[in-house]
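Input: a single structure, listed below in structure tokens.
Computed from the coordinates by the stated procedures, all read-outs in this text should not be read as laboratory data. Just so it is clear, the structure is predicted and the values come from calculations on it, not from any experiment. When we count neighbours, we look across all protein chains shown, and the Cβ atoms used for this are built from the backbone with ideal geometry, even at glycine.
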């Protein structure tokens, strides 16, 4: 097996999280999902980039949380409902998803780094 085949054969990381008796599988995004997430963080208008972090946490949670049968828990239309999660739960899911997807800088999303790029 050559390097390309080995690289393409790598599996996505995942972590099982138990929150108040519920099991949630938080998964690493693939490259396409990562791009979709990154695109959700900014808007381009009149040639200017504006960062829109309003739904950053809830979007990441929606894209990375699965049930035990490997079904995505949330759909894009569920973002408003995800916003209603207790903050302690949203913060834990977001923290795990950020870590798995290499979006962290000292345990939090690197907003300043994102603004520089």
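Quick notes on this structure:
- Fluctuation leader among 41, 93, 60 - the chain, Gaussian network, Cα springs under 10 angstrom: 41
- 222 nm mean residue ellipticity, helices alone, for the chain (DSSP H n ≥ 4; -39,500 (n - 2.57); rounded to 500): -11500 deg cm²/dmol
- Sorting 26, 96 from the fewest to the most surrounding beta carbons within 10 angstrom yields 96, 26.
- Under the criterion of Cα pairs below 8 Å and six or more residues apart, the relative contact order for the chain equals 22 percent.
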